[in-house]
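Participant: My structure is below; once you've seen it, I'll send some questions.
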Amino acid sequence: RRPDAPGVVFRQADARDPALAERLGDVDVVIHADIDASPDTDAKTRTAWNVRGTQTVLTAAAAAGVSRVILFTSAVVYGAYPDNPVPLAEDAPLRAVPDGSLIGDYMEIERLAERAPKAHTGLSVTVLRPAVLTGPGVDTVFTRHFEAPRLLVVKDSEPCWQFCHLEDLAYGLVHAALSDVDGPLAVGSEGWLGQQEIEE
């Protein structure tokens, strides 16, 4: 959809099309946000869309002389471990297990983001890692968890929850595009909620 945005030039293209570089002429920053996180998409189709799309965008951006690409994955790449400190630092190691789920796609996107500047001199890549996304139209494993009649939790565990509204992610993407930030950045609300607060 093309919203009414004065001064904006729209160029329609497929993120997986190798000819994408032709559509990126005179572009300073590419924000690649076309990630399929739907729980209903076939895993193979989803991975092909997410990973191949990201790889094509990075290669096309480099070929077109784009100086910076902004990607986003998720805070789930840190892994959910009982020994994770709370709060978890942005530069904590990525310990998620790439198990063929969406997490595997995110881990591969992180790997591509790390390798791209080494393979393409002059290309800078910033990755945003939002906490659990919420907002209108968001349909993920996490949002479905909160639609259930009961909130399930592993026995004797005390999970901490942090969220990121779609509008906050959009502001994060704009900030990353307009400022000179490199490397991964976590995006989420301040603080977190414990299990009892979530249930209330």
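Participant: Report the residue, chosen from Leu152, Leu112, Leu128, that carries the largest GNM mean-square fluctuation when the chain is represented by alpha-carbon nodes joined by springs under 10 Å.
Facilitator: Maximum fluctuation in the GNM of the chain, among the listed residues, is at Leu152.
Participant: Mind grabbing the accessible area of Ile31 for me, 1.4 Å probe, Å², rounded to tens?
Facilitator: Roll a 1.4 Å probe over it and Ile31 shows about 70 Å².
Participant: Here's another thing I want to ask about it. Using a 1.4 Å probe on the protein heavy atoms, what percent of the accessible area of the stretch 15-124 belongs to carbon and sulfur?
Facilitator: Details: 3120 of 5780 Å².
Roughly 54 percent, rounded to a whole number.
Participant: Okay, moving on. Please work out the FRET efficiency for the pair Ala43 and Thr140, using the Cβ-Cβ distance as r and a Förster radius of 22 Å; give the result to the nearest 0.05.
Facilitator: 0.90
Participant: While we're here: Based on the Kirkwood radius over alpha-carbon pairs, what is the Stokes-Einstein translational diffusion coefficient of the stretch 40-90 at 10 °C with 1.306 mPa s viscosity, in µm²/s?
Facilitator: D = 115 µm²/s.
Participant: I would also like to ask the following. Using a Gaussian network model of the chain with C-alpha springs under 10 Å, which one of Gln12, Gln55, Gln162 is most mobile by mean-square fluctuation?
Facilitator: Among Gln12, Gln55, Gln162, the largest GNM mean-square fluctuation belongs to Gln12.
Participant: I'd like the distance separating the alpha-carbon centroids of the stretch 48-101 and the stretch 158-200, in whole Å.
Facilitator: A separation of 15 Å, based on Cα centres.
Participant: With springs only between Cα atoms under 10 Å apart, run a GNM on the chain and tell me which of Pro159, Pro117, Pro136 wobbles the most.
Facilitator: Maximum among the listed residues: Pro136.
Participant: For the chain, build the convex hull from the C-alpha positions and give me its volume per residue in Å³. Could you put the intermediate results ahead of the total?
Facilitator: Working: hull volume 29.0 nm³, N = 200.
Taking only Cα atoms, the chain has a hull volume of 145 Å³ per residue.
Participant: Continuing with this model, one more query. What whole-number value in Å² describes the accessible area per residue of the stretch 86-128 for a 1.4 Å probe?
Facilitator: Numbers: 2360 Å² over 43 residues.
On a per-residue basis, the stretch 86-128 sits at 55 Å².
Participant: Considering only DSSP beta bridges where both residues belong to the chain, give the percentage that are antiparallel (nearest 5). It would help to have the intermediate numbers written out before the result.
Facilitator: Numbers: 2 of 19 bridges.
The antiparallel proportion sits near 10 percent.
Participant: Restricting to DSSP loop positions (anything but H, G, I, E, B) with no more than 10 other Cβ atoms inside 10 Å of their own Cβ, which GluC sites (Glu not before Pro) remain in the stretch 156-197? Walk me through the numbers before you get to the answer.
Facilitator: Values: sites: Glu167, Glu190, Glu197; in loops: Glu190.
Sites meeting the loop and neighbour criteria: Glu190.
Participant: Express in Å², to the nearest 10, the accessible area of Val86 obtained by rolling a 1.4 Å probe over the protein heavy atoms while all chains stay in place.
Facilitator: Rounded to the nearest 10, that gives 80 Å².
The values are calculated or read from the model by the stated rules, or taken from the named source; none is laboratory data. This is a predicted model, so every value here is computed, not measured. Methodologically, a virtual Cβ is constructed for each residue, glycine included, from the backbone with ideal geometry; neighbour enumeration extends over all protein chains shown. When the accessible area is computed, the model is the full protein with side chains, heavy atoms only, and any ligands, DNA or RNA have been set aside. Shrake-Rupley method; radii C 1.70, N 1.55, O 1.52, S 1.80 Å.
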